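One structure is given below, encoded as structure tokens.
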Amino acid sequence: MFGGFSFSVRGASHEKTGLVCQDHSAYAVTEHYAIAAIADGHGSKKYFRSHFGSQFAVEAALETIRHFYMDYEKLEASFPENPKWILKNIEKQIIMNWNVRVQQHLAANPVTPAEMKSFSTSEFKEIPPESYYGTTLVVAVSGNGFTFGVQIG
């Protein structure tokens, strides 16, 4: 019933400056639903790990939607009655999952002197650690009988 594909490429300005692609995309297709997720990493210097943040956002979105669809019959029966409540819970869970991934990555990969070099000490101290991974996330889901989307960031 569903199909899909995703592909992210490094833009021309990033090619010229040697920056990594800060975007990530993925999809999942099952018998009962399809998910498409894209994340656009923030481009300014304080988001120096946004290429990881965008990957973590897409992973968190897919994991969260899969979890909500574990009992797809229950979800599809309750969604039309409580869409705002369900969407708010999905958003909260995605953010929580993203934060866990960010915290784990930061613990395993402390900020390096090279990453700090473009900031003064006081500038760097003012950046919340999760901001290093800043990204925007858009998720689209198509199920049996309804579709929905979520944007975070």
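The values are calculated or read from the model by the stated rules, or taken from the named source; none is laboratory data. On a predicted model such as this, the values are computed, not experimentally measured, just so you know. Because the Cβ atoms are built from the backbone with ideal geometry, glycine has one as well, and the counts that use them run over all protein chains shown. Protein only, heavy atoms only, side chains kept; ligands, DNA and RNA dropped before computing areas. Shrake-Rupley method; radii C 1.70, N 1.55, O 1.52, S 1.80 Å.
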What does the net charge come to around SER54 if you take all other residues with beta carbon closer than 12 Å to its beta carbon, with K and R at +1 and D and E at -1?
-1
What residues of region 42-84 lie in the reach of a label at PHE146, counting those whose backbone N is under 17 Å from a point 7 Å from the Cα along Cα→Cβ?
65-84
Provide the gained length on full extension for the span LYS125 to LYS45, in nm with one decimal, where the gain is 0.36 nm per separating residue minus the Cα-Cα distance.
27.4 nm
Can you list the aspartates and glutamates whose alpha carbon is less than 19 Å from that of LYS117, not counting same-chain residues fewer than 8 positions off?
GLU126, GLU130
With +1 on the Cβ of every Lys and Arg and -1 on the Cβ of every Asp and Glu, the dipole magnitude of the chain about its Cα centre, in debye rounded to the nearest 20, is 500 debye
Solvent-accessible surface (1.4 angstrom probe) belonging to GLU59, in square angstrom, nearest 10
70 Å²
Please list, or write none, the lysines whose alpha carbon is within less than 29 Å of the alpha carbon of LYS88, excluding same-chain residues fewer than 8 places away.
LYS46, LYS74
Quick check: with the 1.4 Å probe, what order do ARG101, ARG49 take by accessible area, largest first?
ARG101, ARG49
I'd like the accessible area for PHE68: 1.4 Å probe, protein heavy atoms, all chains in place, Å² to the nearest 10.
50 Å²
With only Lys, Arg, Asp and Glu charged, each at its Cβ (+1 for the first two, -1 for the last two), find how big the charge dipole of region 57-110 is about the Cα centre; round to the nearest 20 debye.
220 debye
Contour minus Cα-Cα distance for TRP85 and GLN103 (0.36 nm per residue):
3.8 nm
Rh by Kirkwood over Cα pairs, then Stokes-Einstein D for region 45-114 at 1.306 mPa s and 10 °C, µm²/s
116 µm²/s
For PRO128, net neighbour charge (Lys/Arg +1, Asp/Glu -1) across residues whose Cβ lies under 13 Å away
0
How far is helix 83-108 tilted, in degrees, relative to the longest principal axis of the Cα atoms in the chain, given as a value from 0 to 90 rounded to the nearest 10?
30 degrees
Solvent-accessible area, 1.4 Å probe, carbon plus sulfur percent, for region 17-130:
57 percent
Going by alpha carbons, how many degrees (0 to 90, nearest 10) lie between the helix axis of 50-68 and the longest principal axis of the chain?
20 degrees
Nearest 500 deg cm²/dmol is fine: what mean residue ellipticity at 222 nm does the chain get from its DSSP H runs of n ≥ 4 alone, each adding -39,500 (n - 2.57), divided by its residue count?
-13500 deg cm²/dmol
Under a 1.4 angstrom probe, counting protein chains only, how are GLU63, GLU115 ranked by accessible area, largest first?
GLU63, GLU115
